[in-house]
Every structure is written in structure tokens, then in C-alpha cells.
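To start, the structure under review is shown below, and the notes come after it.
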Amino acid sequence: MKIAFLSTSSPIYPSALGRWLPLARELARRGHEVHFITLHHEFCQGLGRPRLEAGVWVHTVAQMHVRGWGDTRRPLSGLELLRVALGGTVALWQRARAVRADVYHICKPQPMNSLAGLLVARERRRLYLDCDDYEAQATCFTGHWQRAVVRFFEDRLPRLVAAVTVNTRFLADRVQRLGVAPERVVYVPNGVERARFGRLDREVGDRLRLRYGLVGKPTVLYLGTLSLASHPLFLLLEAFPRVAQQVPDARLVWLGGGEDRPRIARRVQELGLSERVLFLGAVDPAEVPNYLLLADITVDPVHDDGIARARSPLKVLESMACGIPVVTGDVGDRREMLADGAAGLLVRPSDPEALAEGIVSLLLDPARRREMAESARERVQAYWWERLVEDFLRVYAVA
């Protein structure tokens, strides 16, 4: 079967890097011809040629709706956004049409790839949709009209495709409430790619600890985009002074970049935490597993809202794959992912005191961390993409 994914996310952005490209590679290993047609955060004409990467044909065809990566990330707006959106839609449609796949899978119901998919579907091609987030709530928009447009596609597109894949049970319920029959909804959580996380070198982690002055320092790490619209990162900052009171040597490491890093850094200074907080910025995705080894524990701060319930957090799974206990709110599918708390610590969401208590309890209990690490390594076996791809393939059996 020839399968084409239509994405608006640059290949190194989280959803593409952690979900769609691993899926595409596993499908290719099973003998399918797979094309990943996408946009780029810094598009130039030299990127336009198709290239074969790990068995997948990657087509980067135009500029995405965000420029830059890490701390240089900047959402487009106004006429620039309209120009890029029109150009991206046309480029995605033209390349999708040229590929002539048997099935087309829209990666997230966003306007550009959705319109391109609907246009190519007029040529009697089967069209599917993957929902991995609740974009109308989670994205930082520069205008109210943008949120309205995204909400329109999130609400309408699921009813126009052959079937829908989702990564959380919240999203499965949501698309069914929109009128999609249950048999047309396939649940496939996010997973971990063995090629990235299956072989860890602890000595690399030791060298990184030495480089950043973390040897002997209990280290808490947050991995992800520094975007306050998507992640309640001030919740973690509110919790950390309580952590520092009980664990004076504790350090907080931010691994990742984003448009809100300056705001977060200012808040760090206001709280008097500058000596305890380290911003490492965005690193090469291939190096993320090594940098995770800096941590004694990782943290996924969340509110109990639609944004958190719609997420199957990659940061939790990647931490589990590295044998690093995670502290997160008891929201959505997180309890299932963490085996009812055996593979990580679940605390009350939206509560900085509960988050702080959870962090401190693990930092002061190495034996419990070791038990959780072992449970995490066992639990993550269910989330390797080589297993999850079998569930994903069921969607193409839907008429």
C-alpha cells in the first residue's frame, strides 16, 4: 500500500518527530511505500527535493505557519500568515496529488493540510485523520480569528474522512460526540522509537552532569517547548521554592526552547531562583536521550483541562524509556501510562504544593526512584512504535 502523510509540522517539531515519522518508518519496515509531505520552520528552495530517510520519502514543500525553532520560534500573523498559508496549502496539495497514494493521512486537523487532503480526496482517494492534540485550546494564536478557523476544522473534518486515529481516550470521546461512529475511531497512544531510546550510554549522562555542574546535585528536569499557552510552566516555578527549602542543593533544568523563555527567566529571577535554575535551550533531537540522563526525576506540570486531557505526553514516555521517574498530574491517560503510579508519581493537578511534595518525596527517596525506574522500563515496552504500528494499521481496514 502507498501511504502519504500530510503534515504542517516541521520534521523536528514534537508531533512529527515523536509520532508521525516513527509511525511512517515502522510502516515502511512492513513493506509499505510511505511518503511524509510536510512544511518546514525555515523553508528554502533547497529543501524542496524529496529525500529517502530510513525508508520514508520525506517531501518538504513550503514554509510552515511558525518560523524558527527553540528560542527563535515565532508564530506568523497578519498578511504574512495568509501568504504562507495559501502557499503551503497549494504546495501540499500539488505534492500529494503527484505522489498518487492509495491513502492520505492528515496529521492534525489544521487548515493547510486539511484543505490539501480534501482536494486530493476528490480524486477518489481515501482520506484519514490523526488527532493528537486539542489545538484550538493549546496553541498560542496571534488573533481570535485564527482560533475560530482551527476550531472549525477540528470540529468538522473528523466527519468528512473515512476514519480517525487519536492518541488519547479524551479525543476518542470528543470525535465520537462530533458524530463519528465508534468503529471509525482507532485509539493509538503516543510511543517511543527504539532507535532513539533503546541504547542509552550512562557515561554520556555523567559527562553532561560534569559539564553543567550538576554532579552531586539532585536534579529536576523539564523537557518540552517553553510555551505558556501550551504548558502551565509557572505551576512548576511556584512549586520549586518549596522544593528548594527542603532540598537545598536541588537544581531545576529546562531542556527546550520557545517564545516564552524570556518570561520564564524573568519569573525565575523574581523568585530568587537564578542560582538553582539552568536553561539549556533546545538541543539536537538525537541528543535528547543523553540529556534526559541529567535528571534524577522529570516533571510534567498540568492543569485538569482539555489541553492536558487531550495529550499523550511524549515527555512522560521518553522519561520512562530512560528509566527516569516522572512527577505529573493525575489527568487524562497519564494514570494508565504510569501503571496506576507504579512507573511514576501522580499528584493533584493545578496544585503547586502537591507538585512540590511529590518532587521532594522522590528526591529524598533513592530506593523508591529505583523501583519506579524499573517499573517504567517494563511499562514502556507496551509503547514501542514497533508494537503500536499494528494498532495503527487497523484504521486502513475501515471502509
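The values are calculated or read from the model by the stated rules, or taken from the named source; none is laboratory data. Quick caveat: nothing in here was measured; it's all calculated off a predicted structure. Here Cβ is always computed from backbone atoms with ideal geometry, including for glycine, and neighbour counts include all displayed protein chains. In case anyone asks, the SASA skips ligands and DNA or RNA and just uses the protein heavy atoms, side chains included. Shrake-Rupley method; radii C 1.70, N 1.55, O 1.52, S 1.80 Å.
Ranked by the mean number of other Cβ atoms within 10 Å per residue, highest first, peptides 352-360, 368-376 order as 352-360, 368-376. Taking one quarter of the surface of the convex hull spanned by the alpha-carbon atoms of the chain gives a direction-averaged projected area of 18.4 nm². Tell me whether segment 184-269 comes out rounded, prolate or oblate; compute the Cα gyration tensor, take square roots of the eigenvalues as a ≥ b ≥ c, and use a/c under 1.5 as the rounded threshold. Judged from the Cα gyration tensor, segment 184-269 comes out oblate (a/c at least 1.5, b/c at or above a/b). Heavy atoms of the protein chains alone define the surface here; on that basis the chain has 41 Å² accessible area per residue at 1.4 Å probe size. When every Cα-Cα distance of segment 231-356 is counted in 5 angstrom steps from zero, the calculated P(r) takes the values 2, 10, 20, 23, 23, 16, 5, 0 percent. Each residue of segment 58-73 was assigned a 3J(HN,Hα) from its phi angle through the Karplus curve 6.51 cos²θ - 1.76 cosθ + 1.60 (θ = phi - 60°); the sequence is 9, 10, 9, 10, 6, 6, 7, 7, 10, 9, x, 9, x, 6, 8, 4 Hz, with glycine and proline shown as x. Note on segment 283-399: along the principal axes its Cα atoms extend 53, 31, 28 Å, ordered by decreasing extent. Expressed as a whole percent, the accessible area of the chain that falls on carbon and sulfur atoms is 50 (1.4 Å probe). Centre-to-centre, using Cα atoms only, segment 358-399 and segment 251-287 are separated by 26 Å. With a/c under 1.5 counting as rounded, go ahead and sort segment 243-291 into rounded, prolate or oblate using the C-alpha gyration tensor (a ≥ b ≥ c being the square roots of the eigenvalues; past the cut-off, prolate if a/b is larger than b/c, else oblate). Oblate, since a/c reaches 1.5 and b/c is not below a/b. From the helices alone, meaning DSSP H stretches of at least four residues, give me the mean residue ellipticity at 222 nm for the chain, per-run term -39500 (n - 2.57), in deg cm²/dmol to the nearest 500. The per-residue figure over the chain is -11500 deg cm²/dmol. Oblate is the label for segment 259-330, because the ratio a/c of its alpha-carbon gyration tensor axes (a ≥ b ≥ c) is 1.5 or higher and a/b is not greater than b/c. Partners of Lys108 within straight-line reach, counting lysines whose Cα lies under 29 Å from its Cα and excluding those fewer than 8 residues away in the same chain: Lys2, Lys315. The angle separating the long axis of helix 78-99 from the principal Cα axis of greatest extent in the chain is about 60 degrees. Overall size of segment 116-204 from C-alpha positions, given as principal axis extents largest first: 52, 34, 28 Å.
Considering only Ile264, Leu160, Leu228, the residue lying farthest towards the positive end of the dipole of the chain is Leu160, judged by Cα position with unit charges set on Cβ. A simple charge model with +1 on the Cβ of Lys and Arg, -1 on the Cβ of Asp and Glu and nothing else charged puts the dipole of segment 337-399 at about 140 debye relative to its Cα centre. By a 1.4 Å probe calculation restricted to protein chains, His303 has an accessible surface near 70 Å², given to the nearest 10. The mean of 1/r over all pairs of different alpha-carbon atoms in segment 30-134, once inverted, gives a Kirkwood hydrodynamic radius of 14.5 Å. Per residue, the average separation of C-alpha pairs within less than 8 Å and at least 6 apart gives segment 266-351 a relative contact order of 27 percent.
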